[in-house]
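Okay, structure first, notes after.
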Amino acid sequence: MPFQVYKNHQPPSRELLLQWTDARGIYREHGISIDSMEDDQGWRIVAQEDLKIGQLLLSMSKKCIFSIRTSSLSSIVPESQFKLSHTILPLSLCLVYEFELERRSTFYGYLQSLPRTLGVGLPVFWDAINGDEWQDGHEALKWLRGTEAAREMIKKEKAGMGLKDIQAFYDSAKHWLPLSSPPPFSAFAHAYCIVSSRAFAVDDYHLTALCPFADIFNHSSSPHTCLSSDDFVCEQCGSLPQCKHDFANDETLPPRLRHLSETEIIKLGEEEDTIDMRVERRVEKGEEVFNTYGQVGDGRLLTEWGFIGEEFADHGLTWYVEDVKTVMQAPLVDSVDWEKLFSQLLHWISASKLDTFDDSILCPPVLSCPNLLNLDQNGRVSVNVFFVFWVQIALQEEPTLRTDIPESWTRSIADDIRLVESNWNDIQTMSVVVSPTDPNRSRLVKVAVLIRRLVENRLQSMYRPETFQTDIIDARDSLDGEKDRRLRLAMTLAVNERALLLSALEKWNHYLHVYGQGNGHPHWPHLHTAFDIQHGVYNLSTQLQANHNTQTHIYPDTTALPESHVAAFFPQQRSAALHLQTQTLFSFPFRLERRTIARTLLLNHDSSKGQARRFSLSRCSGTKQPATGHPPSHHLATT
């Protein structure tokens, strides 16, 4: 590294790309055009006229997509490689070879439009960079410590997608390339980054593929369109209508078509199998047209797509149940079925009408992921986190119980959650009344202390946790925009996550100061000396009075801080508009019959057809789920 494809060729040409798409019958709406990004480091799609909901933007035959099946290596790569759990690997190998063919490739008109250099690449390759850019990658990885990006990278390593695994695949597979001398690993890394950031999970035959022109649409959590595809094709030949392989078991109707009506099955034989994009949210003239791949956090965006969006539209920071082990002074009760208990908790919260949280200290469970332990983008700790600590403390107090939660605990847990929220509301309205004989306070204080410790541990696991937030921001802003691209991304991610943790830590210290009967008081000034004061957030003149029985609110002194600094310190303000913005996503009535979403490749679910369908291409009954796109190309690489 660095590696560059098409060194002696002309720069990427829009005209050549459009000529290539026209020659292959790819339809594109005349009211959209390719435009340069504002920083001139990539392309985007812009509306040249108002676009209405339902309007067809793009339609291409699956013969035009670049997959293992359509590549020049299709007759060389063993069939067994098509079914690898990580389909991104063989597709990246095919792309390496296609680049080597240069103009001899039938896909050259499309491939020449792709990034020529790696740009910031993906964090998995940052430590493998050679030359002048090694220092940038090496330092950037330090700042990822303790972040969601670091957790994502650990997940990938456990799933066999770490740097050593990727290198091992290329070393074992490069002999398939019909070349006198295989390209260096940096060539494969370049192809891998392109596939990771641009590929779509299409169907059960092509699996993962690059879709020409469709990959120019940049990502937003508030998209205008999505890519749709029928995924229920024959696994052996790719046929959408019935084929000879469907009758191998003497069945009148193959399982893949049983969800369709007779009329729909007849239509399959009359229509070409295409991949389409339609307008799903009105676009005004001059506006950029966005695709999306869901509410994905910056940590995952960086590790899989090579950029961060700072839209804060995901579920925030996450923990595993195992992380609780580092917080509990006693070992976890291993016999607890947490998945079952989280489902029960979700039911209890719904039945108790505890699922409406506004300016609260806890956030409700995520319906799509009821097991999630998280700190949301408003600095609210998940009810699930509270629940885990509550159960563990209760089981330690009653050691004879090791498996099932007694029915009597159901009301107690719900009541305690309600009590914590009521306590926090009293703190906010300065109407606190503390009863020294409150029987619930002891357990609630224990839970609050553990939650605070969990947040503190996360902060301490990050790189240079003692450094002021303002110092990190100033250091980041002083970096060279070209030489320190990776470091700048990593520091931005770290600053944003630290701000979220500090917000939560301040809340729980405040709670413990008021309700901890002095137990939390020593930690209250500690918050300001170890974190907030050192990070330049709080005005020392507003410190708590020495008498902990007198409640005094501490407010941030932001008068002397730049606007960018203030935004970093108050994540709850940055996400309020996003919550309102995303509530109505995909709520419009227009939907395509029997179409499913072709999502961009999510490496955590990059899989064979079984998992791909479960996570990305599950059939929708007349409706679509949010689709997925690719990151702005200027974030990943320079064309």
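Where a number appears in this text, it was derived from the coordinates with a stated rule and is not lab data. Keep in mind that this is a model prediction, so the values were computed, not measured. Cβ atoms come from the backbone with ideal geometry, glycine included; neighbour counts cover every protein chain shown.
Treat the count of other C-beta atoms within 10 Å as a stand-in for reagent exposure and order 451, 216 from fewest to most.
On the way: 451 27, 216 24.
Going from sparsest to densest Cβ surroundings: 216, 451.
Most exposed first by the Cβ proxy, i.e. fewest other Cβ within 10 Å, how do 336, 195, 383 rank? Please report the intermediate quantities before stating the final value.
Working: 336 19, 195 24, 383 27.
Final ranking by Cβ density, sparse to dense: 336, 195, 383.
Suppose R0 equals 22 Å. What FRET efficiency, 1/(1 + (r/R0)^6) with r the Cβ-Cβ distance, do residue 222 and residue 34 give to the nearest 0.05?
Given R0 = 22 Å and the Cβ-Cβ separation, E is 0.55.
Give the order of 108, 205, 293 when sorted by the count of other beta carbons within 10 angstrom, beginning with the fewest.
Ranking 108, 205, 293 by Cβ neighbours within 10 Å, fewest first, gives 108, 205, 293.
Compute the Cα gyration tensor for region 130-261, then decide on rounded, prolate or oblate, letting a ≥ b ≥ c be the square roots of its eigenvalues: rounded whenever a/c is under 1.5, prolate when a/b is larger than b/c in the other cases, and oblate in all that remain.
On the way: a/c = 2.36, a/b = 1.71, b/c = 1.38.
Prolate, because a/c is 1.5 or more and a/b exceeds b/c.
In straight Cα distance, which lysines are under 28 Å from residue 446, not counting same-chain residues fewer than 8 positions off?
Cross-link targets: 325, 340, 353, 507.
If you place +1 on the Cβ of every Lys and Arg, -1 on the Cβ of every Asp and Glu, and leave all else neutral, what size is the dipole of region 131-274 about its Cα centre, to the nearest 20 Debye?
740
Where Lys and Arg each count +1 and Asp and Glu each count -1, what net charge lies around residue 216 among other residues with Cβ under 12 Å from its Cβ? Working shown, then result.
Working: positive: 14, 28, 44, 198; negative: 35, 215, 288.
Around residue 216, the charge tally is +1.
Once you put a point 7 Å from the Cα of residue 9 and another 7 Å from the Cα of residue 396, both along the Cβ direction, what distance in nm separates them?
Simple spin-label model gives 6.2 nm for this pair.
What does the net charge come to around residue 172 if you take all other residues with beta carbon closer than 14 Å to its beta carbon, with K and R at +1 and D and E at -1?
Here the count lands on 0.
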